[in-house]
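Here's the structure, in C-alpha cells; my notes come after.
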Amino acid sequence: MIQIRRRTVARVLLLAFAAMGLQLTVPAVATADPASTAWAKLRMCESSGRYATNTGNGYYGAYQFDLPTWRSVGGTGRPDQAAPAEQDYRALYLYRMRGWQPWQCAGMLKLAGDADARSKRVPTYADSAYIGGGPTPQPTPPPPGGPMPAWPGVVYQYGDCAGPLKAFQLRMNAYGYGFTGTGCYYEKTRTAVLDLQRANGIKDSGLLGPKTWTAAWQGKPPR
C-alpha cells in the first residue's frame, strides 16, 4: 500500500512539472579526453610544440597533419597556417575518430587511449579549449664553434627519441639542415649523421656515437 501511494505521488509530481513547463534532466555522462599534458607531450615530439611548423615533408603544424587527414576532420587550408585553437580542435576531432593511431609519436610516448578514443563523437570548440597549447618557447641552437654539451653516454639510432637528440638536431641547423628539434631520430637526422660522419672520416654507420657527437661541434662542417 505504501509503495502504491509513493508511485502515485511520483506520477502526480511528474505531471505537475510537465504542466509547469519544467524539464527533468539527467546529468550528462562524463567524457574522458586526454589530459592537456598528454597533448603537450605529443606536440613536443611531433613538432617541438610549434604550431607554424612546415618542414617541407608534407606534414604541417603542431600535430603534423598531412593534408588528406586534416581535411578528413573538416580542416581547410593548411594546418600550419591555422590558429592554434583550430589545430587543437582538429587534433581532438581526429583523436575521437581514430584514437592515437595516426600519431607515431603517441606510440613512442606510450600515450593510453580512453573513453573518447574512436568514440566518433564530433567535438565542439569548447571541448578542445582545455588543450590550450599555444607556441612553446624553443631553445636557441648554439652558434658554430659554441660550447659542446656533454656527450650523453648513449649511442642513438633510427627510431630513438631523446632530449639530447634535440640538442644535436638544433646544432646541425648551424649547417643549414632546418630541423625543428623533435628529438626523434628519423630519416632527416640519419642524413645529417651520415653527412657529418663522411665529412670527418668517421665510419658512416648512421649511429650517433661519441665521435659523431663531438664532430657536430668541433669537426669539419658536413657537405
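The values are calculated or read from the model by the stated rules, or taken from the named source; none is laboratory data. Because the structure is predicted, anything quoted here is derived from the model rather than measured. Positions of Cβ are backbone-derived with ideal geometry, glycine not excepted, and every protein chain shown enters the neighbour counts. Only protein heavy atoms, including side chains, enter the accessible area calculation; ligands, DNA and RNA are left aside. Shrake-Rupley method; radii C 1.70, N 1.55, O 1.52, S 1.80 Å.
So the values come out like this:
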quantity	calculated
Subset of region 195-214 [within 15 Å of Arg171 (Cα to Cα) and of a type in the set (A, V, I, L, M)]	Leu196, Leu208
Qualifying positions in region 42-79 - open to solvent by 60 Å² or more (accessible area, probe 1.4 Å), over 24 Å from Tyr177 (Cα atoms) and not in a loop (DSSP other than H, G, I, E, B)	Pro68, Arg71, Ser72
Residue in region 96-103 that is surrounded by 14 or more Cβ atoms within 10 Å (Cβ to Cβ) and modelled with pLDDT under 90 present	no
Check on Pro137, modelled with pLDDT under 90 and open to solvent by 80 Å² or more (accessible area, probe 1.4 Å)	yes
Which listed residue is open to solvent by less than 70 Å² (accessible area, probe 1.4 Å), in contact with a Leu (Cβ under 9 Å, 6 or more places away or on another chain) and of a type in the set (S, T, N, Q), from Thr214, Thr182	Thr182
Selection count, region 150-184, where residues are at positive phi and not in a loop (DSSP other than H, G, I, E, B)	0
Residue match in region 185-207 (condition: closer than 22 Å to Arg43 by Cβ, β-branched (Val, Ile, Thr), assigned to a loop (DSSP other than H, G, I, E, B) and open to solvent by less than 40 Å² (accessible area, probe 1.4 Å))	no
